[in-house]
Amino acid sequence: MLAACGSEDRPIERERVRTPPQGAADARIPYYQDNLFQVARGARFFSWYGCGSCHAAGGDEALDLADGKWRHGGDFDAVFASIAQGRAPGMPAYGSRMPVETLWQVTAYVRDIEKQDAATRRRQDLDRRAEGGGRGS
Amino acid sequence: MAALDLNAPQADLAQDAAALDAIWRDPPGIRGFLTTVDHKRIAARYLVTTLALLVIAGILALDMRLQLSQPGLERMGPQAYNEAFTLHGSTMLFLVSVPVMEAMAIWLVPLMLGQRNLAYPRLTAYSYWLYLGGVLMLWVPHALGITPDLGWFQYPPLSGPAYGPGHRVDIWAQMITFTEVAALAASVNVAVTILKMRPPGMTLARMPLFLWAMLVTSVMTVLALPAVMLATSLLIADRLVSTQFFSPGAGGDVLLFQHIFWFFGHPEVYIIFIPAVGFVSAIVETFTRRAVFGYTVQVLAIISVGLLAFGLWVHHMFAVGLPRLGASFYTAASMAIALPIGLQIFSWIATIASGRPRFDTPLLWVTGFIATFVIGGLSGVMTASAPLDLQLTDTYFVVAHLHYVLIGGALFPLFGALTYWFPKATGRIMSEGWGKIAFWLVFVGFNIGFFPMHLLGLMGMPRRIYTYPAEAGWGTLNLVATAGMLIASLGAAIIVANAVISLRWGRRAGVDPWGGATLEWSCASPPPPWNFAATPVVASLTPGWEPPPRAVMTGLSLENREVLVTSVGDAVPEHRQPSPGPSIWPLLTALATALLFVGSIFTPWAVVWGSIPVAAALIGWFWPRTRPEEAQAEAP
């Protein structure tokens, strides 16, 4: 139950991260990875930054984020690095476009996708895609 | 067979008391507490629960007022503030206003009808236990740090699966399911009791206005509350099993939620207000010592309010971009409802003006109600206008309006009613001196607290903000508002203290301390478990003011719980109906229902597997049992 409370926390008033994770065991990781609010924020930014245009559900196997297979490592710091620094051949570096906290949130979301069932993910994407403000995918 | 006995007043039937006591008394101790179907005991716990929540949610309001008393305060953050107004609004609307009126009806309707219990005694018990489940559904998660935070109406898409992660929204939605099922159970019970259990002679045209009010309210509840359960259940389905009712991207419609919600939400305002109308009529009649002026007008006004209330929900949605013709229609409908309510106000004023008013505390509350509610009604007519509403919606003007109509329109009459019927329920009178002091503190404090909000709204202060900059220029009026709230809170504290102290040391009331005209004033204070030794026979609108001897009807069983069933129109006695005794099954059924409701937050399968315990409990509830009388008859 206590874990559930932590995941339900809305950490709007807590100080924001300013630096990338220091390794896979960085103490700040649970505040993002295990928090539903942060993961949901990450999902929204994922949609706004157009990540879904390549990483769509049911797309190319190499780009599939939902299958639990990670070519460049699935630890938090590794996924963070992939997003921030980019990966050849086609993944651009988002470190210069996203604020640091946004990178944390998107990382948390990307690592959370494999835990979601396809129907839930699709339903949430429908809402976010219909959103007027972002670029969508 | 029942017989009309013109010469046996209630006192002469005292010899029946021992026999009645044996069949109507609850088992002692905890067993009696858990199994009771006595409408007075259940109403008492309903009332204590709702009033405790009124105090708690009131303290939350005070907390928010302190936060807003100065610009730029950071004692509450935005998240804490969101949770505070959500808890305040959800508690007040779903867990206080509607249930407290039901509680009053559960307590008062059988007494006003000269009956021994409601039509469905076990349903009364079930209703309370389920309501308590709704209270726990909201407040236990709050204690664990999971608090709904999207306001008392949680619109999708914000509350949908993409933007409302976690279980906060589900908790709110399922709290509603709990309380609305409880309210439906209570309403069916009250409506059937009023229609089929009136005492002989109490035709529809001789029914006290409070009973008319509760009848119309109950029918409205039955029609309106399923809508909100539909809205929240569709929302839960969207969140839990990925349906697309409120997803525009998939062809759903977010406004659908608002339409269904307000189809309930606007009638709900009148579901809270109409019982208060009933209190006002009862109090005005007693304290002006004349029958209410314009009885027929009042009845027709209550019925037309009940009808019109279902045709104006869209005025909550003027800002969402509706076709102009539609908006104009709802503007007209919203203004039309002011007419029947105006008729009622004039009828009460005429009653007070032409009677011999005695301004005891209950009538003071009524005059406070008239003054405050008229202001709230006028700001309501203003916001009913679509072009003006576009400017005012989501500002403090609306906050001021809704508190004027809900506190002024429903809580003031409720406080009057609690003072008025306190002696009947407890046998003791609340202190008049302290009652008047409390009234003036609440009345003055309330108006100082909420009137400035009209101005703040016109100045553009939005609702649901946790703080504001000093440059906005809202600081002074907000400080005044907070000061008013503190004064009103002092008055509220005096009311609570007065009630608690009077319960123990108050002056003894006797049967009829105020000289009331309705039947509840002819049974003992507090009423015994069987209420009346014999069923009163009614010959006018004001049976309590008829000269003695008063006719009664005897003939109900002295061996089994029985109630009298009469015809719907003319209240002609039809038959004696067995009335169920104490039972544990309502509690067990409520527990099984709670299991289903709570489980369905986590998995849709809870609806499937959870229905098995509910079915088992219902089978236990309705299992045929032989009554002792029948057993004797069948014995050789």
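The values are calculated or read from the model by the stated rules, or taken from the named source; none is laboratory data. Just so we're clear, the structure is a prediction, and the values are computed from it rather than from any experiment. In this analysis, Cβ positions are derived from the backbone assuming ideal geometry, glycine residues included, and neighbour counts consider all displayed protein chains. Remember, those area values only see protein heavy atoms, side chains included, never the ligands or the DNA or RNA. Shrake-Rupley method; radii C 1.70, N 1.55, O 1.52, S 1.80 Å.
Does any residue of the range B:343-360 turn out to be over 22 Å from the mean Cα position of the chain (by Cα) and closer than 29 Å to B:His259 by Cβ?
The answer is no, given that none of the residues of the range B:343-360 is over 22 Å from the mean Cα position of the chain (by Cα) and closer than 29 Å to B:His259 by Cβ.
Of all residues in the range B:65-92, how many are in a helix (DSSP H, G or I), away from chain A (no Cβ under 14 Å) and open to solvent by 20 Å² or more (accessible area, probe 1.4 Å)?
The qualifying residues number 4.
Results for (1) in a helix (DSSP H, G or I); (2) within 12 Å of the chain's Cα centre (by Cα); (3) surrounded by 15 or more Cβ atoms within 10 Å (Cβ to Cβ), shown as yes or no for each residue.
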{"site": "A:Ala57", "(1), (2), (3)": "no, no, no"}
{"site": "A:Trp70", "(1), (2), (3)": "no, no, yes"}
{"site": "A:Ser82", "(1), (2), (3)": "yes, yes, yes"}
{"site": "A:Ser96", "(1), (2), (3)": "no, no, no"}
{"site": "A:Asp112", "(1), (2), (3)": "yes, yes, yes"}
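What's the number of the only condition in (1) assigned to a helix (DSSP H, G or I); (2) within 11 Å of another protein chain (Cβ to nearest Cβ); (3) free of Cβ contacts under 8 Å to residues at least 24 places away in the same chain that A:Glu13 fails to meet?
Among (1) assigned to a helix (DSSP H, G or I); (2) within 11 Å of another protein chain (Cβ to nearest Cβ); (3) free of Cβ contacts under 8 Å to residues at least 24 places away in the same chain, A:Glu13 violates only (1).
So which pairs qualify, if the first residue must be in the range A:103-132 and more than 8 Å from chain B (Cβ to nearest Cβ) and within 22 Å of A:Gly86 (Cβ to Cβ), the second must be of a type outside the set (D, E, K, R) and outside any helix (DSSP H, G or I), the Cβ gap must be under 6 Å, and the two must be at least 6 apart or on different chains?
So the pair list comes out as A:Trp104/A:Val17; A:Val110/A:Leu65; A:Ile113/A:Leu65; A:Ile113/A:Ala66; A:Glu114/A:Ala66; A:Glu114/A:Gly68.
Restricting to the range B:105-159, and then to whatever is of a type in the set (Ser, Thr, Tyr) and assigned to a loop (DSSP other than H, G, I, E, B), can you tell me which residue is farthest from the chain's Cα centre (by Cα)?
Here the answer is B:Ser159.
Mind listing just one residue for me: the one in the range B:522-542 that is in a loop (DSSP other than H, G, I, E, B) and hydroxyl-bearing (Ser, Thr, Tyr) and, of those, surrounded by the most Cβ atoms within 10 Å (Cβ to Cβ)?
Among those residues, the one meeting the criterion is B:Ser525.
If I filter the range A:35-58 for residues that are touching a strand residue (DSSP E or B) at 6+ places or on another chain (Cβ under 7 Å) and more than 13 Å from every other protein chain (Cβ to nearest Cβ), do I get at least one hit?
Among the residues of the range A:35-58, not one is touching a strand residue (DSSP E or B) at 6+ places or on another chain (Cβ under 7 Å) and more than 13 Å from every other protein chain (Cβ to nearest Cβ), which makes the answer no.
Scan the range B:284-310 residue by residue and report those that are assigned to a loop (DSSP other than H, G, I, E, B) and not β-branched (Val, Ile, Thr).
Taking the range B:284-310 as the starting set, the residues that turn out to be assigned to a loop (DSSP other than H, G, I, E, B) are B:289-294.
Within the range B:284-310, B:Arg289, B:Arg290, B:Ala291, B:Phe293, B:Gly294 qualify.
Taking the range B:357-392 as the search range and keeping residues that are outside any helix (DSSP H, G or I) and at pLDDT 95 or above, which one is surrounded by the most Cβ atoms within 10 Å (Cβ to Cβ)?
The selected residue is B:Asp360.
Which ones in the range B:243-277 are open to solvent by 20 Å² or more (accessible area, probe 1.4 Å), of a type in the set (A, V, I, L, M, F, W, C) and more than 14 Å from chain A (Cβ to nearest Cβ)?
Selection gives B:Leu256, B:Ile260, B:Phe263, B:Val269.
Give the number of residues within the range A:25-53 that are surrounded by fewer than 13 Cβ atoms within 10 Å (Cβ to Cβ), among the aliphatic types (A, V, I, L, M) and closer than 22 Å to A:Met91 by Cβ.
Qualifying residue count, the range A:25-53: 0.
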